[in-house]
Amino acid sequence: MHIWTPNVIAALIWAVAPIFAFGFAGDWIVRALQKIPLTLRLIVPAILGVPYALAGSHWSRGNWLVIYFGLPIIIAVLLLHARQADPQQNGDWRDFAVLAVLGLAVDLRWLESAWPAHLSVISKLILLDSALYGFLVIRQLSNAGFDLRIHVKDLVIGFRELAFFAPIAIPLGLFLGFLEFHHRVPKTSSAALSLVFTFFLIAIPEEIFFRGWLQNLLERRIGSRSALILTALIFGFSHFNKRSIHFNWRYVLLAAIAGIFYGRAWSSRHRVAASAITHTCVDTIWSLWL
C-alpha cells in the first residue's frame, strides 16, 4: 500500500505549517489573534488536531480524535491560567505541567499507538504546534526566541558552540564505544537532505522545547547557570531509551554534555536558531560520519 497518499501529504503539510507560520510571522500572528474574543482564541487551536483526521481516514479511532482535537484546547486553557496567575512570567506550575506532559508523551511514546509507525512524526508535530500556540499566543512567553529568520550571529554562535563541543564529545564517544568512524564520503544531496531534515524535524522542535521554554522558564526561577545545567541534565535523560531497549547511559551522558553547549548557544542571544544550528551540525555529523 502506498503510504504517501494525498491525505497523508495534506496532514503533513497541515502539521508543519504552524511551525513555519510562527517561525517567520509569529509577531504578526500573535497580534492578529489577540483581536478575536478570548473564548474563540481558546477554541481555535483545536484545528491543530486536523492532521490526525486527515491522515487516519482508514485507521483513526474516535477516542484518539477527541485527544488530538481536545489536547490543544486544554493546553491553551492551562496556559491562560498560568498567564493570569503569573503575569511576571516567573514560571507557574501549569507551565511546567504542560511541558512535562508533552515531554513524557514524546519520550514514552504515549500517542504513537494511534499512528502507523511511519507517520508517528506527525503526532510529534501536532504536540509542538499545540505548545507553540499555547506559549506564544496565550501565555505570550517572552525571550523564547523562536524565529526561523536566521541571522549571521546565529551562525557564528552555533558554529562556535560546535567547535567547543566536538573536541570533548568525539574523543569521549569513541572511548565509550558510543561513536565509530564511518569511512565514507556522503553524497552532497544526502548531506543537504540530512541537514534540512535534522534542522526542521529534530533540532527546532527539541530546541524550542528545552531551551526556548524549559531553560527560559527555569532561568526565572533558579538563575541562568543552574537553569543551563538542569535543562542539560533533563535533555540528557530524555534520551535514556533512544537506540536501545535498555537505559542507554552513554547516550544520556553525551546528550547532557551536548545540552550544555546547546543551552549556551541559546542563552547567548535567547535565539532558538542559534542552538538549533549547533544541534543540527552535531546530529548531522554523527549520522553521516560517526
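Below, the figures for the structure above:
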| item | result |
| --- | --- |
| Residue ID - surrounded by the fewest Cβ atoms within 10 Å (Cβ to Cβ), chosen from residues in the stretch 84-133 that are at pLDDT below 95 and of a type in the set (Phe, Trp, Tyr) | Trp110 |
| Any hit, the stretch 252-266, residues being part of a helix (DSSP H, G or I), modelled with pLDDT under 95 and surrounded by 13 or more Cβ atoms within 10 Å (Cβ to Cβ) | no |
| Selection count, the stretch 84-120, where residues are closer than 15 Å to Leu71 by Cβ, under 15 Å from the mean Cα position of the chain (by Cα) and small (Gly, Ala, Ser) | 3 |
| Test: residue in the stretch 82-89 that is more than 30 Å from Phe247 (Cβ to Cβ), free of Cβ contacts under 8 Å to residues at least 24 places away in the same chain, assigned by TED's automatic domain parsing to the domain that holds Trp64 and assigned to a helix (DSSP H, G or I) | yes |
| Single condition Ile245 does not satisfy, out of (1) part of a loop (DSSP other than H, G, I, E, B); (2) crowded, with 18+ Cβ neighbours inside 10 Å; (3) of a type in the set (Val, Ile, Thr) | (2) |
| Cβ pairs under 9 Å, 6+ apart, first in the stretch 168-191 and in contact (Cβ under 8 Å) with a residue 60 or more places away in the chain, second basic (Lys, Arg) | Gly173/Arg250; Leu176/Arg250; Gly177/Arg250; Phe178/Arg250 |
| Tally, over the stretch 85-100, of residues that are touching a Leu at 6+ places or on another chain (Cβ under 9 Å) and farther than 13 Å from Arg220 by Cβ | 4 |
| Single match in Pro45, Pro51, Pro37 (criterion: modelled with pLDDT of 95 or more and under 21 Å from the mean Cα position of the chain (by Cα)) | Pro45 |
| Residue within the stretch 208-227 that is among the β-branched types (Val, Ile, Thr), surrounded by 16 or more Cβ atoms within 10 Å (Cβ to Cβ) and at negative phi present | yes |
| Number of the exception - Pro167 against (1) outside any loop (DSSP other than H, G, I, E, B); (2) touching a helix residue (DSSP H, G or I) at 6+ places or on another chain (Cβ under 6 Å); (3) farther than 28 Å from Ile19 by Cα; (4) not hydrophobic (A, V, I, L, M, F, W, C) | (2) |
| Neighbours by Cβ (under 7 Å, 6+ apart or cross-chain): first from the stretch 110-121, under 15 Å from Gly62 (Cα atoms); second polar (S, T, N, Q) | Leu111/Ser123; Ala114/Ser123; Trp115/Ser123 |
| Unique match (being aliphatic (A, V, I, L, M) and outside the structural domain of Trp14 (by TED's automatic domain parsing)) among Ile122, Ile75, Ile157 | Ile157 |
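The values are calculated or read from the model by the stated rules, or taken from the named source; none is laboratory data. Only a predicted model underlies this, so the values are computations on that prediction, with no experimental measurement involved. With ideal geometry, Cβ positions are generated from the backbone for all residues, glycine too; neighbour counts draw on all protein chains shown.
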